[in-house]
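Since the structure comes first, as structure tokens, the remarks are kept for the end.
The values are calculated or read from the model by the stated rules, or taken from the named source; none is laboratory data. Since we're looking at a predicted model, the values are computed, not measured. As a convention, Cβ positions derive from the backbone with ideal geometry for all residues, glycine included, and neighbour counts pool all protein chains shown.
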Amino acid sequence: MSGYGDFAYYYDVLTENVDYESRCNYIYNLLAENGVSKGILLDLACGTGSLSMLLAEKGYEVIGVDASEEMLSVAQEKKYESDADIIFLCQKMQELDLFGTINGAVCTLDSINHVTDEKAVKEIFRRVSLFMEDKGIFIFDVNTPYKHREILGNNTFVYDMDEVYCVWQNETDENMLTTVSLDIFEKDEEEDTYYKYSEQFQEKGYELSFFEELLRENKFELIGIYEEMTTEAAKPDTQRAVFVARKKGTQ
């Protein structure tokens, strides 16, 4: 997977359809309903920090972790503009190394799917468990094999926005490994020409049972697997599934 160099600059533009406030409220309600309404919260694969900022406003002490220096550079700018109390760390998810324990962790927008090595995914869960306090809550979402097969597939999507024009091309193989190729065009009004940036990354559609097993292996009890932005049970045609799990107490 690339470092999202050029993509980081356009990430917020290309994800402007994501309602971060609603997503934050949804996550907060899931956390609070399960006993984590305050404390230290890890935002894993935080990207440009949009969700981190909103979770900090809810009163959490947020630690944002991402592997992309470019993404975190944008996140730091947001932090300085708002004076939010957030710590940003540049780390791969499978190399997570914190100063102490956390009360909860979130990983959103199918970030785990971007880790296509099963051993690396297993290490992510091991490390989240290692730093999680007893009864801490872990919330993450994943794109399902159904989405990779039926929605992403070998399809092409075009996004025509005021600031950029983006062509999104997918290639999905029999193992639910999707290669995403982005061509981003930005118009220079003064020179009346377009500049092109290209980015490529991969996602893997893991069976939901794979994550259930990882949670069990790492001392988490599953609270629920939900349809995105709801508390309804995930269905066979769910595109993005939300997992909520609690670290089993050892005391």
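Structure data summary
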read-out	value
Meets criteria (over 22 Å from the mean Cα position of the chain (by Cα) and not assigned by TED's automatic domain parsing to the domain that holds Lys122) for Glu199	no
Qualifying position, being farther than 21 Å from His114 by Cβ and surrounded by fewer than 14 Cβ atoms within 10 Å (Cβ to Cβ), among Glu189, Glu174	Glu189
Gly224 being touching a helix residue (DSSP H, G or I) at 6+ places or on another chain (Cβ under 6 Å) and modelled with pLDDT of 95 or more	no
Val164 outside the structural domain of Gly64 (by TED's automatic domain parsing) and surrounded by 14 or more Cβ atoms within 10 Å (Cβ to Cβ)	yes
Filtered residue count, the stretch 115-136, keeping only those that are among the polar types (S, T, N, Q) and either part of a helix (DSSP H, G or I) or not assigned by TED's automatic domain parsing to the domain that holds Ile225 (or both)	1
Selected residue (only one of Ile139, Ile112 is part of a helix (DSSP H, G or I), surrounded by 16 or more Cβ atoms within 10 Å (Cβ to Cβ), on the phi < 0 side of the Ramachandran plot and assigned by TED's automatic domain parsing to the domain that holds Met53)	Ile112
Condition met for Leu98 (touching a residue at least 24 places away in the same chain (Cβ under 8 Å), farther than 24 Å from His148 by Cβ, touching a strand residue (DSSP E or B) at 6+ places or on another chain (Cβ under 8 Å) and assigned to a helix (DSSP H, G or I))	no
Test set (1) surrounded by 14 or more Cβ atoms within 10 Å (Cβ to Cβ); (2) closer than 24 Å to Tyr146 by Cβ - Asn218 fails condition number	(2)
Given (1) surrounded by 15 or more Cβ atoms within 10 Å (Cβ to Cβ); (2) in contact with an Asp or Glu (Cβ under 7 Å, 6 or more places away or on another chain), number of the condition Asn154 does not satisfy	(1)
Condition broken by Gly35, with the remaining ones in (1) at negative phi; (2) touching a strand residue (DSSP E or B) at 6+ places or on another chain (Cβ under 9 Å); (3) surrounded by fewer than 21 Cβ atoms within 10 Å (Cβ to Cβ) satisfied	(1)
Criterion (farther than 30 Å from Ile27 by Cα and touching a residue at least 12 places away in the same chain (Cβ under 8 Å)) met by exactly one of Tyr195, Tyr159, Tyr206, Tyr165	Tyr165
